[in-house]
Structure formats: structure tokens, C-alpha cells
């Protein structure tokens, strides 16, 4: 957690029905001074939606060698590389080489993100998932986040139902492949 970072505590209730994941966890998230609320919110949503044993936040903003979110197995090997925003194709390529599965969660226009990758080399591009949400959803979630946040995320049949400190929102989870 860097100097000047704002620490947020999320008390999270997960019900990822499509994947059979049900958890209640508390997680601290450091918001870097240069990180927008939409980017941090997308990081948290990616962490929730990709939740599995060994998941955590990478040093993506401060160190640069890890993605925003990653999951490791018990040996320490990276099994999931999850980028946020609009990463360069080289970074997605490196993640796809390093992990069993790779995803990019974006709060930006997914067509523009994908267009930046066109013609660029991305390892197993047809397996890399580009995930986005309905327009305005991430900003609405970000507006409801406080330093201590009660967050409930339920996903069923590709729709996310989110409650943030008493504000209920929903979105279709849009997914396409990088290749």
C-alpha cells in the first residue's frame, strides 16, 4: 500500500451462482493517488467476479510487473492474470503466456480497447476474455463507494446484481474474446 493511497475496506458477500461460488470476505483495497474511482471500482468488480482461492490484488499500479488482479495456486504459480482498463497488447500477451487464463475488465468502450489490439500479437488471443458492463454502471457503483463499503455481488445467467451501501444496481456482463 503506497504512500498517499486511500485505503478502502470492502465487506463483500458473493453469490456467483453461475460458478457455484458463495463467500463472505473482507478485503482492503489501496486506491493509488493517480487511480480514478472508475478504475478502482473495476478492479474490485474484477476481483469479485473472478473470485477463487488464491486471488489477490497485484502491484499493477505501483510496480507494473503484475496485473491489477491475479490468482496463484498453492505453489505460487499464477493461474489467472486479470488486467483492468485498456492495457497494451504486449501486457495482455505477457499475461496470457504467464497464466492458465487471462481476462481484461474494462470500464471503457470495449470496442476501442479491442481495436488497439488489432493486428498485435497476443498469445492465445481467442482465449483472452474482454469483459465490460452496461454504460454508466461502473460510475454508479463508484459513486456509492465509501471508505468502508458493504458490497453484495450476485451473478446469475450473465447478469450482475450489485448492492453498494444500500444502493442496488444491475448490469449485463458483456464478454468477447481478444482474438
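The values are calculated or read from the model by the stated rules, or taken from the named source; none is laboratory data. This one's a predicted model, so the numbers in the text were calculated from it and none came from an experiment. Heads up, the Cβs are rebuilt from the backbone with ideal geometry, glycines too, and the neighbour counts pull from every protein chain shown.
Out of 12, 17, I need the residue that is over 16 Å from the mean Cα position of the chain (by Cα) and either surrounded by 15 or more Cβ atoms within 10 Å (Cβ to Cβ) or modelled with pLDDT of 95 or more (or both). Which one? Going through 12, 17 in turn, the sole match is 17.
Counting residues in segment 150-164 that are without any contact (Cβ under 8 Å) to a residue 40 or more places away in the chain, surrounded by 13 or more Cβ atoms within 10 Å (Cβ to Cβ) and more than 22 Å from residue 19 (Cα to Cα) gives zero. For segment 10-24, the set of residues classified as in a strand (DSSP E or B) and in contact (Cβ under 8 Å) with a residue 24 or more places away in the chain consists of 10, 11, 12, 13, 14, 15, 16, 21, 23, listed by residue number.
What tally of residues in segment 95-114 results from selecting those that are within 17 Å of residue 80 (Cβ to Cβ), under 17 Å from the mean Cα position of the chain (by Cα) and in a helix (DSSP H, G or I)? The qualifying residues number 2.
When 52, 31 are screened for being buried (at least 20 other Cβ atoms within 10 Å of the Cβ), closer than 25 Å to residue 163 by Cα, touching a residue at least 12 places away in the same chain (Cβ under 8 Å) and under 16 Å from the mean Cα position of the chain (by Cα), only 31 passes. Is it the case, given these coordinates, that residue 46 is within 16 Å of the chain's Cα centre (by Cα) and outside any strand (DSSP E or B)? Answer is yes for this residue.
Take segment 63-77 and flag every residue that is modelled with pLDDT under 95 and not in a loop (DSSP other than H, G, I, E, B). Within segment 63-77, none qualify. Residues of segment 78-91 that are assigned to a loop (DSSP other than H, G, I, E, B) and more than 10 Å from the chain's Cα centre (by Cα): 86, 87, 88. Checking each residue in segment 115-149 for being in a loop (DSSP other than H, G, I, E, B), surrounded by 12 or more Cβ atoms within 10 Å (Cβ to Cβ) and either in contact with a helix residue (DSSP H, G or I) (Cβ under 9 Å, 6 or more places away or on another chain) or in contact (Cβ under 8 Å) with a residue 60 or more places away in the chain (or both) picks out 120, 122, 123, 124, 128, 133, 145.
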